[in-house]
1. Select, from ASN285, ASN237, the only residue that is crowded, with 16+ Cβ neighbours inside 10 Å and at pLDDT 95 or above.
2. Got at least one residue in region 211-231 being among the β-branched types (Val, Ile, Thr), at pLDDT 95 or above, closer than 25 Å to GLY172 by Cα and surrounded by 13 or more Cβ atoms within 10 Å (Cβ to Cβ)?
3. Within region 37-68, which residues are among the hydrophobic types (A, V, I, L, M, F, W, C), closer than 25 Å to ILE90 by Cα and surrounded by fewer than 19 Cβ atoms within 10 Å (Cβ to Cβ)?
4. Could you count how many residues in region 87-129 are within 23 Å of PRO74 (Cβ to Cβ), in contact (Cβ under 8 Å) with a residue 40 or more places away in the chain and in contact with an Asp or Glu (Cβ under 9 Å, 6 or more places away or on another chain)?
5. Tell me which residues, restricted to region 65-82, are modelled with pLDDT of 90 or more and assigned to a loop (DSSP other than H, G, I, E, B).
6. Within region 71-88, how many residues are surrounded by fewer than 18 Cβ atoms within 10 Å (Cβ to Cβ) and acidic (Asp, Glu)?
7. Within region 174-190, is even one residue of a type in the set (D, E, K, R), in contact with a strand residue (DSSP E or B) (Cβ under 7 Å, 6 or more places away or on another chain), more than 23 Å from ASN36 (Cβ to Cβ) and modelled with pLDDT under 85?
8. Take region 254-273 and flag every residue that is assigned to a strand (DSSP E or B) and over 23 Å from GLY59 (Cβ atoms).
Amino acid sequence: MKKILLLVQFFFFLTTAFAQQDPQYTQYMYNMSVVNPAYATGTESILNLGTLYRTQWVGAVGAPKTLTFFGHMPVNKEVELGLSMVSDDIGDGAKKENNFFADFAYVLAFKNNHKLSLGLKAGFTSFQTNFNGFQFESGDASTDLAFSENINMFKPNIGMGAYYFTNTYYVGLSVPNLLSTKHIEERNGINAFGSENPHYFFTGGYVFNLNPSFKFKPAFMSKFVKGAPATFDITANILYNNKVEFGLAYRLDDAVSGLVNINVTPDIRVGYAYDYTLSNLGQFNSGTHEIFLLFDLNLMGKGYDKSPRFF
């Protein structure tokens, strides 16, 4: 029981005493719309839909669960529009955060099919806490303002990003939430607050053609936010016949992962990843599971063959 109480306190130490960390993703290369509003495919008349569900640190009390959804499509050769949603739950309802955004990307075309996309996000964040029924080790939450009363608030937010891409590689830089917020202000002369600071994402990936059947797809993502440690992911995937993909990933000082996904049909891709925790938290959980589904809908019904979707 003591370990469980300490673990719950640790979760909320992260989310209230330091800068609020955005959710983590292992299959970030297939969830890019949520991270970067400039993400674009440039395939006209094709509506790209995707969802990802992540249950982190399975078996740990109050472990994070994250659901994302996105939809986007080009409206012409220069403009791509989209919607994105992120729902994050820590503590089985103790802390819930929902982000809803509309995305706009403007694509500049260069020679040899090189493109630069510049994107904006605009929307709002819903933040809720529910500490009813919590049992604290001290038996009294009144001295800690982070737990003294429930919060229910809405905050507008904006984000921006840049995404340079070709048929074989991409590099992206983004800040999905530009506006800082404080969830708890100073009360009764005691300074206690939970803050949400801008998160900076730097991403990249490449596709190496090894032979007609196999492609090597390394990728990386780094995340920076004031008041919290930087994170760095590196992933190495192998794609077979543009249908089956499998690989390994490493998150610095945190986890190693196995990934697999498959093109069920030319328009549907499903994927799964498992994270094995390397940090001290590994003794409290049995790992992290993440699944995604991608669906491409041809709205115009032109029936032409499109390039494989590598990212």
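The values are calculated or read from the model by the stated rules, or taken from the named source; none is laboratory data. What you see is a predicted model, and the numbers here were worked out from it, not measured in a lab. Please note: Cβ atoms are built from the backbone with ideal geometry, for glycine as well, and neighbour counts cover all protein chains shown.
1. Residue meeting the stated conditions: ASN237.
2. The answer is no; no qualifying residue exists.
3. Within region 37-68, VAL58, VAL61, LEU67 qualify.
4. Residues flagged as within 23 Å of PRO74 (Cβ to Cβ), in contact (Cβ under 8 Å) with a residue 40 or more places away in the chain and in contact with an Asp or Glu (Cβ under 9 Å, 6 or more places away or on another chain) within region 87-129 amount to 8.
5. Scanning region 65-82 gives a single hit, GLU78.
6. 1
7. yes
8. The answer is ASN261, ILE262, ASN263, VAL264, THR265, ILE268, ARG269, VAL270.
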